[in-house]
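The values are calculated or read from the model by the stated rules, or taken from the named source; none is laboratory data. On a predicted model such as this, the values are computed, not experimentally measured, just so you know. Neighbour counts run over all protein chains shown; Cβ positions are idealised from the backbone, glycine included.
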C-alpha cells in the first residue's frame, strides 16, 4: 500500500469520486475547495424556516443509463424515484415540455394522432433548409415557426444572451420532440433524487480516513510542490491565472422567495416569452415529492454573462471561445503532474452521471499508469 499524497482541487463530484477511489487504494488525499462547503454546484441544504431541501445553486436531477454509476451513487445514499416534468408559460398559456403530442394538439387546437402530428409538423417546417447550421435554422426546419417562437426563441435568447442565429444547431439537437403523451423530460433508465440531498451523498463519498478536506482554501500553483499528482477540477483558465483571457461562461442569478402554500404546482416552470426577464421559476419542495411541507422556497432564475467573481455555469464554446480554449489546452499539455477534470477543468457541460463516469475512469487510469510507471495524461477527455 502506497503512502503517496495526491492533491485534488475541488470538493465537488469529480474531486470526491477520484479522491475516494484513490484513498481506497492507500493514497493520502488532500482536497481543497475555495467555498465554505463541499459538493460544488450540487450543494443542497435544508431551509430552516420551511424544512424544504433547497438546491442552493439551482436544481440538479440525477438521470443515467450507466448501471455502474447508478450503483455507485446508491452506495452512498438512498435515491428516491423522481420524474422531471417541466411546464412552460408562453403567450398566456401553460404547456408541457418537451414538446409532445399534448403540446402540439394544445398549441394548434387540434386532436392529432401520432402519425397525423408528424405529417402536420412536417407541413409547418421550413423544408427549404437542407442543412441547418444555426439553432434557429434547426428549429425552423424541424418544428416550424410557431413552436419555435413560442417555446425556443425567447427562452434561448435569455439563456444564452444572444440571438439563436448565433448559436450552433447542435444545441437544439438535444431537445426532443415526442409524438406521444410522455412528459418525462428525460428518457434514461435510472432517474431519481437523493433522499437527503446531494451534499449528504458527497459527504459519504468523502468519508474515508485517507481523505482530508480543507474548505475556504484557494489553490495556488506555487503551493503544488510535494504532491505525487494533482487532479484539478477548477476553471481551466483560472489554473493559469487567466493569462490568456477568460473563457466565456454564462452564470445564473437567483431571486429567492418563499410562499405559504404551493406556488406553482410543479418543480420547474419555464417562461418562453422575451417580455419575462427570467428564464424559469423552480419550486424546490417539488424536487422531494416524498416529503410534505406547508411553506415553499422558490427561485427565479436570470441568466447573464459570467464576470470575474461570478460562479460559472454553462461554457459558451462558440468560435471565439474555442480558439481561446485551444490556446489554454496547449498550455495545459505543457504542465507535468496535473490532470484537468470535470466541467470547469475541461470546459465542457457535463451531466452528473457523466462527471462520475469520467471521474471513475480517471482514477482507474491513474492506478494503471502508476502500475506501469507511465505518465498520466493532461486530459482524459480532451476539451476540443
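Quick notes
- Scanning the range 1-15 for residues that are part of a helix (DSSP H, G or I) and within 15 Å of residue 339 (Cβ to Cβ) returns 14, 15.
So that you can scan it fast, the table gives a plain yes or no per residue for (1) touching a helix residue (DSSP H, G or I) at 6+ places or on another chain (Cβ under 7 Å); (2) in contact (Cβ under 8 Å) with a residue 12 or more places away in the chain; (3) closer than 28 Å to residue 278 by Cα; (4) buried (at least 17 other Cβ atoms within 10 Å of the Cβ):
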site	(1), (2), (3), (4)
28	no, yes, no, yes
44	yes, yes, yes, yes
59	yes, yes, yes, yes
62	yes, yes, yes, yes
85	no, yes, yes, no
90	yes, yes, yes, yes
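- Boolean, residue 229 is surrounded by fewer than 19 Cβ atoms within 10 Å (Cβ to Cβ), touching a strand residue (DSSP E or B) at 6+ places or on another chain (Cβ under 6 Å) and modelled with pLDDT of 95 or more: no
- Residues (surrounded by fewer than 14 Cβ atoms within 10 Å (Cβ to Cβ) and either assigned to a strand (DSSP E or B) or in contact with a helix residue (DSSP H, G or I) (Cβ under 7 Å, 6 or more places away or on another chain) (or both)) located in the range 255-278: 255, 256, 257, 258, 260, 274
- Just one of (1) closer than 14 Å to residue 212 by Cα; (2) surrounded by 24 or more Cβ atoms within 10 Å (Cβ to Cβ); (3) in contact with a strand residue (DSSP E or B) (Cβ under 6 Å, 6 or more places away or on another chain) fails for residue 33. It is (3).
- Test: residue in the range 171-190 that is within 18 Å of the chain's Cα centre (by Cα), assigned to a strand (DSSP E or B), at pLDDT 95 or above and closer than 25 Å to residue 285 by Cα: yes
- Cβ-Cβ under 8 Å pairs, at least 6 apart or on other chains, the range 233-248 side within 16 Å of residue 323 (Cβ to Cβ), far side surrounded by fewer than 14 Cβ atoms within 10 Å (Cβ to Cβ): 237/245; 246/308; 248/305; 248/320
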